[in-house]
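The values are calculated or read from the model by the stated rules, or taken from the named source; none is laboratory data. Computed from a predicted structure; not experimentally measured. Every residue, glycine as well, gets a Cβ built from its backbone with ideal geometry; the counts of neighbours run over all protein chains shown.
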Amino acid sequence: MKTGLDRHFPTGNQIYMKRNLMFKLALTFLASGAIAFAGQLITFDDLATSSYMPITNGYAGFNWTNVWVANSVYLGDGYLSGTVSSPNVAFNGFGADASFSVASGTFTLTSAYITSVNGANITVKGYNSSTLVYNKAYPVNDAGPSLVTFDYNDITEVYITGGKFAIDNMTINGTVPVGGLTITLSGANVVLTWPTNATSLTLQSTTNLVSPVVWAGVSPAPVVANGQNTVTNAFSGTQQYFRLSQ
């Protein structure tokens, strides 16, 4: 059976950034009145492909090196079993080292689902500029995806080694990379902002990421405030996921 680069990898690129904002009403979950705020969930499912391709710089606000994405239909068993949300999964091309980084600012690598394709453990390093801050090996297997909690804080780059692997549904927190979607709270409102030079992008939302995901435009239309496209909505008890889509 063919696996890896023999018959898998996407073409075409969609500029997009997905931000996962999960919130519940205070009376439902948090007596203090605070809300639960999660970070950017990167599922790779918004990258349009019928096969496989390397992820290009700018996707989700990051620069990508040897990180590929593929439609699960074209993957071998190890990659297919590593798919958490359909249709896509990311992986390291040719089993070589892979990395992703921000051009400015820092971020937190919170967690990701990782599956070994050739039975090897992986080592994940976190850098702040040229300084190695985190360096840890993780035992993952090929039976299915393992949820790995990293909590690598205040980093600018993630570097992964250790053989062929699949990675999916990665959660990023912290500073939003330049050009991305920012979500903040203001009283009882959720405020979403993004650069005005992103003229081809539309703000969309959905209530879940179960395939097939149905995205819809968000109202009201954005207004420009402090040089940023801005949409303000009152939050409810409904779970919401937001993205900028071309």
Would you call P139 crowded, with 16+ Cβ neighbours inside 10 Å and modelled with pLDDT of 80 or more?
no
Here the qualifying pairs (Cβ atoms under 6 Å; residues six or more apart or on different chains; first in region 129-145 and touching a residue at least 12 places away in the same chain (Cβ under 8 Å) and small (G, A, S); second outside any strand (DSSP E or B) and surrounded by 12 or more Cβ atoms within 10 Å (Cβ to Cβ)) come out as S129/T156; A137/N121; G144/S81
Residue among Y152, Y113 that alone is buried (at least 18 other Cβ atoms within 10 Å of the Cβ) and in contact with a Pro (Cβ under 9 Å, 6 or more places away or on another chain)
Y113
Among the residues of region 111-118, are any closer than 18 Å to A96 by Cα and hydroxyl-bearing (S, T, Y)?
yes
Does T115 count as within 25 Å of L201 (Cβ to Cβ) and either in a helix (DSSP H, G or I) or in contact (Cβ under 8 Å) with a residue 40 or more places away in the chain (or both)?
no
For region 63-80, which residues satisfy the criterion of being surrounded by 20 or more Cβ atoms within 10 Å (Cβ to Cβ) and either outside any strand (DSSP E or B) or over 17 Å from the mean Cα position of the chain (by Cα) (or both)?
L75, G78, Y79
